[in-house]
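Structure, as structure tokens:
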Amino acid sequence: MLAAAGDAHAFARLYREHAGRIHSLARRMAGDDDADELTQDVFVRAWEKLRTFRGESAFGTWLHRLAVNLILAKRQQSSTRRARNAGDEALEWTPAKAAQPELAMDFETAVKRLPDGARQIFVLFDVEGYRHEEIAGMLGVSVGTSKSQLHRARMILREHLG
Amino acid sequence: MTEPVTDPHDEWTARLSEYLDDELSPGERAGFEEHLRDCITCRVTLEQLRAVTVRAAALGNRDPGPHVWAEIARRIGAPDVTLEAPPPDAGDELAARRARRIRFPWVQAGAAAAAVLALGIGIGRWSTPTPRLPTERVEAPAPGTSMNSDAYRVAVAQHLTRTETLLTSFRAEAAGGQVDGTARDWAGQMLTNTRLLLDSPAADDPKLRTLLEDLELVLAQIAALPRQTDPNTTEVDLARRAVEEKQLLPRMQTLAPAGSPATQGES
């Protein structure tokens, strides 16, 4: 793999192939404001770690997992910082932006307005194709929590199918 | 001390997603399908959740602006490297998994089709005071069955016959000033069945597909009516006029004539 050997042109081709998916993942998981920066962080981290990619899975799968881990870690740091500043507790599962029953709301917008925990699990399971066991491992929650948050997200989103 | 009474409906409602994702044990699945047999609310909710999963899997990706790569290139020490046109989608394991998750009853395990379509299509008289299904049901054709088979013809004909009954009664009730929540409940169920048929090989027939699409719109209008509806409201009038203007009743009669397998044997 040329990119792993330090070929920036080869890496640019990989970026071109995968940037849309990584950026969309970041947008859905963390919001529009942070998506650009997170995408940059993911690809810079990928560039740094390319030598460790052994080709046991598709590059897209490896990159995607790296992206999910990085986005979740950044979100966790951000939540911790907000919690410290606000003297709040357990922001992870609080609905920062409550879903509102706006019938005309675009489905993508409705996803963004889901409570944080439910949104992350919904995006990882229904949009990205991860299994509950994988999600539970990534988020540090139980499989049961992953299932119940997914159901919660779907029940909210069914109001926005219009 | 009295044991708290758990409503079995609540228990199953919370597990609709697990059923949809095929994560129930065989015993639980059988129990759920037994519940589904008599619960219109769960059938409709299940179909809505299925629609959410389909919509989620269909969400597209959007490339970031050029400034994103420019910053990456700077950070990796290659500021002069520009982007080339993207190659065709190579795909990967996650994408394949996601595609496999999009399930429609006609192409997934027969159990789902049996639970939703077959049970839903066996609707019976919609004017029954409580919305329970009759004992007669049309079994769903097995997945992969040809559209030319009797099974599909019977399923389609029965659906059209019963939707015709619903719309005829709705029209009469709207004219007589007695529209109640029963029409809405049955329309919701028939809407689910209509969508299932639209996703099935039965909809390969262009004439039938057009009819089902028109039915979908009208049934959605009726299903969205409040439980206690003033028959003089604009919503009722719009639904009633849509039935007339789209000539739904004569079109259904043409495609599901009296004496078809659907109507034979009904009491």
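Structure notes:
- In Hz, Karplus ³J(HN,Hα) per residue of the range B:240-254 (6.51, -1.76, 1.60; θ = phi - 60°; x = Gly, Pro): 4, 5, 5, 4, 6, 5, 8, 6, 5, 5, x, 5, 5, 5, 5
- The lysines whose alpha-carbon is closer than 30 Å to the alpha-carbon of residue B:207, local same-chain residues fewer than 8 away aside, are B:246.
- Heavy-atom surface of the range B:13-82, accessible at 1.4 Å and reported per residue (Å²): 44
- 18 Å Cα-Cα reach of residue A:112 towards lysines, excluding residues that sit fewer than 8 places from it in its own chain: A:74, A:97
- Evaluating 6.51 cos²θ - 1.76 cosθ + 1.60 at θ = phi - 60° for every residue in the range B:156-164, the Karplus couplings come out as 5, 4, 5, 4, 5, 4, 6, 5, 4 Hz, glycine and proline recorded as x.
- Each peptide in B:37-47, A:111-121, B:214-224, B:62-72 gets a packing score, the mean of other Cβ atoms within 10 Å over its residues, and the list from highest to lowest is A:111-121, B:214-224, B:37-47, B:62-72.
- Cα-based shape type of the range A:2-41, given that a ≥ b ≥ c are square roots of the gyration tensor eigenvalues and the cut on a/c is 1.5: prolate
- Interface A:B - total buried accessible surface [probe 1.4 Å, Å², rounded to 100]: 4400
- Taking a ≥ b ≥ c as the square roots of the eigenvalues of the Cα gyration tensor, the range A:1-80 is classed as prolate, since a/c reaches at least 1.5 and a/b is larger than b/c.
- Isotropic mean projected area of the C-alpha convex hull, the range B:29-84 (nm²): 7.1
The values are calculated or read from the model by the stated rules, or taken from the named source; none is laboratory data. Everything numeric in this text was worked out from a predicted model, so none of it was measured. Cβ sites come from the backbone with ideal geometry, for glycine too, and all protein chains shown count toward neighbours. The accessibility values were calculated without ligands, DNA or RNA, using every heavy atom of the protein model including side chains. Shrake-Rupley method; radii C 1.70, N 1.55, O 1.52, S 1.80 Å.
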